[in-house]
Structure formats: C-alpha cells, structure tokens
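Data block below; observations after.
The values are calculated or read from the model by the stated rules, or taken from the named source; none is laboratory data. For clarity, every value in this text was computed on a predicted model and none was experimentally measured. All Cβ positions, even for glycine, are placed from backbone atoms using ideal geometry, and neighbour counts span all protein chains on display. Each accessible area value is taken on the protein alone, full model and side chains, heavy atoms only, with ligands, DNA and RNA left out. Shrake-Rupley method; radii C 1.70, N 1.55, O 1.52, S 1.80 Å.
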Amino acid sequence: QTDTYLNTLNPADPTQINTYESNKTYNAIFPSLNEANILFKPQENDTMIVVKRYLNSGNLYLKDTVKFLSASSSVIPVPVAIIPLDKNKIKTVLTDKYDSSEFETQDAFNNYFRGLILEATEIAPGKGNLISFDFNGAINPSIEIYYTSTIIKGATTVIDTIQKKHSFLLSGIRNNVYKMTDRTYPNNHEVKMQGTAGSMAEIKILGTPNQLTELRAKNWLINDASLVLHVNQSVADTDTLITPYRLTLYKNGFDNLGNPNPSHIKDVLTEGPDVFGGKLIVTDDKPEKYVFRITDYISDLLNGTSSYNPVLGLKVYNSTDTPNSPSDTIIKTYNWNPKMVTLLNHLPINGVKRAHLKISYTEKK
C-alpha cells in the first residue's frame, strides 16, 4: 500500500494536470499486502483461480472456478498474473471498513486507500528482476476479493449463506519507477541495449562511398537483403522472457536544418512489420538472433533510386514503433520497454555470428 496521495491535478497549479516522474519516491505502508515469501513467476497456463468458500464454522462448503475472458462473447480464458494477498490483511484494510466513513464517498476512499506499489524484489544478490505488465489490455488489473456473508437468526440459526465478490480496479493514476545502476560498458565485441535506459545501437551499412559505387556498378537485381544480428548467448539469460521479443531498426538521420529526423525504413511500409522482421528467433529454448529484411531499402540504394543512407538506429521495440499507415514515416525514439539484450557486433572475433548484411541477387550475364 502507498501512503503517497496521487493527485490528478497539480497541487501548485490546480488548472494543470499533475505529472509523476519515473524517479519519484512513493512512501510505502508496511507490512505488505501479499502473502509472505512468494516466489512469483507468471506462467502462460495461469488462466484460472480456485476460490474456496467457507462457513463461519470454518468448514469448506464450495469451490468456485474463476476464469478471465477478454470479452463477454469469448469462451477461451486468457493468461493472467495472479498474486495471492494475505486474507487477514485484506480483511483489516478493506472489508472491515465497508461500513465506515472511509467508504462513504469516492474521495474519502481515494484518500484512505491511496494505491498500490507493485515491486519486484531480487531473489539473490546481484540478480536483477524484471516485471512487465500490460495495464491497458482487455482485462483491467484489479484487486479481487471473494468472500462469504452468512446471515444468522438469533445466536445460531443460519438463514442464508451469500457468496460475494468485490473488484477494486487499478484504473486511476499509474506510473512506472525505473531504478538503473550506472554502468560503463567496455568497448569490445558486444553491443548492449536496454529500452528504458535509452541504450541503443548504431549500424552503418554500405557506409563508404567506394562500397556503394562498386555495388552499383555491378547492376544487380536484388532478390533479398537481410540484416542478421546474433545474441551473445554466453551472457544471455536462458529465460527468453527477459530478452526483448522484438527490436526496431530505423533510419537515424537528420533533416535539412540539422535536426534529428528518425524515420521508418521503406520495407516496414511496403512489406509490413511482419515481413520486415526484427522478432527474436529462439533455438533450443535460448535467444539466438534477430533478422531484418531490408530488400527494398538496399535495392533503392544500389539501383540509384535513393542516395539517402544515414546511420541506422537499433533499439528495443515499443508498441508505438509500428506505423499506423503508409504515410506514418516518423518514428518515436522514446521507450518504456524495460527488457535488454547483448548483441554481437561486426568484429571478426565473433566469427560466423558477427553482425552482417546478407544480399541475394540475380546477375545479368
């Protein structure tokens, strides 16, 4: 539970919407609300919970199976992350307060129960932890309380046992807090990228005038051009959930006035994001590589249709990176994806796994 009041309006100027920076400090109320010593890891087959309902006597009389659906018309449950809360703490903090002044109005409740802090705690020294949830998906995150209300006449006569449920949607103010350890990475045969830290890579292809001139003189018909980037598996976590499932490749150039002008590569718009690629390829349950198909981009450079060949930017994929239409050419370089990956660069020390551009072509005889 947080003791920090989350205000929609700026207290210093109520005419303005309030903002919360990613390094803001939130005061926590202890003890925590979850059950103690949970080794929590989301699983894709977690699609239901079993609610045990008890009588006042303590006897179990019913088990409910609760599933979560993305729509009322759907019959297929979706995976959810379920964090068990301490029943006694929830009773004290919430259900015992139902008839109190804290529940009389929405404002009174907002001031009483100010929100939650969801935090991942490392399970071993030096082992960072990552937790990433979609709070804007089909199912809203919430506190779900299932309880039984027993109506008793006199001292002992049970008239009715009523099954009840209350949902407290976490749909108000939300913020992510990022705590990054300052590090200096060695300038070696690797490239380290992490979304929220703003760590990205720059790639130069056909970057020298001689390279481009020599290839243009060959008059090739380009059938396919792919940029292949291998993951350094010696440092990659075997859990592919930590590795970005997708990267974004874009033209990291400048406009005529010298201002940054990051823009989409032609293939994203002409062939579509799925053909363009950038998704993580997994082999033997380990992250292996990323492949981008940039056939149209390379073809335009070699046949002289285009001479614009800026340094390419490479970053962890964000949902806003996918263009909405063929005219949506500008890319937003900010990022809230916390995942990271270490790639092998172009140096010979990386052997067959070094970063490379592969061109397949037809040659006129």
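Yes or no: Val291 under 21 Å from the mean Cα position of the chain (by Cα) and touching a residue at least 60 places away in the same chain (Cβ under 8 Å)? I'd like the intermediate steps shown before the answer.
Numbers: under 21 Å from the mean Cα position of the chain (by Cα): yes; touching a residue at least 60 places away in the same chain (Cβ under 8 Å): yes.
In short, yes.
Any chance you could count how many residues in segment 93-102 are touching a residue at least 24 places away in the same chain (Cβ under 8 Å) and either farther than 20 Å from Tyr26 by Cβ or touching a strand residue (DSSP E or B) at 6+ places or on another chain (Cβ under 6 Å) (or both)?
Number satisfying all stated conditions: 1.
Name the pairs: first residue in segment 342-362 and under 13 Å from Asn223 (Cα atoms) and touching a residue at least 40 places away in the same chain (Cβ under 8 Å), second residue among the β-branched types (Val, Ile, Thr) and open to solvent by less than 30 Å² (accessible area, probe 1.4 Å), Cβ to Cβ under 7 Å, at least 6 apart or on different chains?
Between residues of segment 342-362 that are under 13 Å from Asn223 (Cα atoms) and touching a residue at least 40 places away in the same chain (Cβ under 8 Å) and residues that are among the β-branched types (Val, Ile, Thr) and open to solvent by less than 30 Å² (accessible area, probe 1.4 Å), the close pairs are Lys358/Val228; Ile359/Ile222; Ile359/Ile298; Tyr361/Ile222.
What do you reckon, is Gly137 assigned to a loop (DSSP other than H, G, I, E, B), open to solvent by less than 50 Å² (accessible area, probe 1.4 Å) and either of a type outside the set (D, E, K, R) or modelled with pLDDT of 70 or more (or both)?
Criteria met by Gly137.
Is it the case that some residue within segment 99-106 is in a loop (DSSP other than H, G, I, E, B) and loosely packed, with under 10 Cβ neighbours inside 10 Å? Please lay out each step first, then the result.
We begin by selecting, within segment 99-106, every residue in a loop (DSSP other than H, G, I, E, B); these are 99-100, 104-105.
Then keep just the ones that are loosely packed, with under 10 Cβ neighbours inside 10 Å; that gives 99.
Within segment 99-106, one or more residues are in a loop (DSSP other than H, G, I, E, B) and loosely packed, with under 10 Cβ neighbours inside 10 Å.
Identify, from the list Leu229, Leu215, the residue that is within 39 Å of the chain's Cα centre (by Cα) and either surrounded by 16 or more Cβ atoms within 10 Å (Cβ to Cβ) or without any contact (Cβ under 8 Å) to a residue 60 or more places away in the chain (or both).
Sole residue among the options that is within 39 Å of the chain's Cα centre (by Cα) and either surrounded by 16 or more Cβ atoms within 10 Å (Cβ to Cβ) or without any contact (Cβ under 8 Å) to a residue 60 or more places away in the chain (or both): Leu229.
Every residue, every condition in (1) among the polar types (S, T, N, Q); (2) exposed (fewer than 10 other Cβ atoms within 10 Å of the Cβ); (3) farther than 22 Å from Ser142 by Cβ, yes or no:
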site: Asp13; (1), (2), (3): no, yes, yes
site: Asn27; (1), (2), (3): yes, no, yes
site: Leu33; (1), (2), (3): no, no, no
site: Arg53; (1), (2), (3): no, no, no
site: Leu62; (1), (2), (3): no, no, yes
site: Leu69; (1), (2), (3): no, no, no
site: Pro84; (1), (2), (3): no, no, no
site: Asn111; (1), (2), (3): yes, no, no
site: Gly115; (1), (2), (3): no, no, no
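Please work out which one of (1) under 23 Å from Asn175 (Cβ atoms); (2) touching a residue at least 60 places away in the same chain (Cβ under 8 Å) is the condition Asp64 fails and give its number.
For Asp64, the exception is condition (1).
Only residues in segment 103-120 that are at negative phi count as the first member; pair them with residues that are in a helix (DSSP H, G or I) and loosely packed, with under 13 Cβ neighbours inside 10 Å, Cβ under 8 angstrom, at least 6 apart or cross-chain, and list the lot.
That search, which allows pairs on different chains as well, returns Ala108/Ser101.
Return the residues of segment 191-216 that are in a loop (DSSP other than H, G, I, E, B), modelled with pLDDT of 90 or more and aliphatic (A, V, I, L, M); say none if nothing qualifies.
If the condition is that a residue be in a loop (DSSP other than H, G, I, E, B), modelled with pLDDT of 90 or more and aliphatic (A, V, I, L, M), then Ile205 is the only one that fits.
Taking the criterion of being open to solvent by less than 50 Å² (accessible area, probe 1.4 Å) and either in contact with a strand residue (DSSP E or B) (Cβ under 6 Å, 6 or more places away or on another chain) or closer than 24 Å to Phe133 by Cα (or both), would at least one residue in segment 35-45 satisfy it? Spell out how you get there, then give the answer.
Here is the first cut: in segment 35-45, the ones open to solvent by less than 50 Å² (accessible area, probe 1.4 Å) are none.
The answer is no; no qualifying residue exists.
Answer yes or no as to whether Tyr185 is at pLDDT 65 or above and within 30 Å of the chain's Cα centre (by Cα).
Spelling it out, it is not the case that Tyr185 is at pLDDT 65 or above and within 30 Å of the chain's Cα centre (by Cα).
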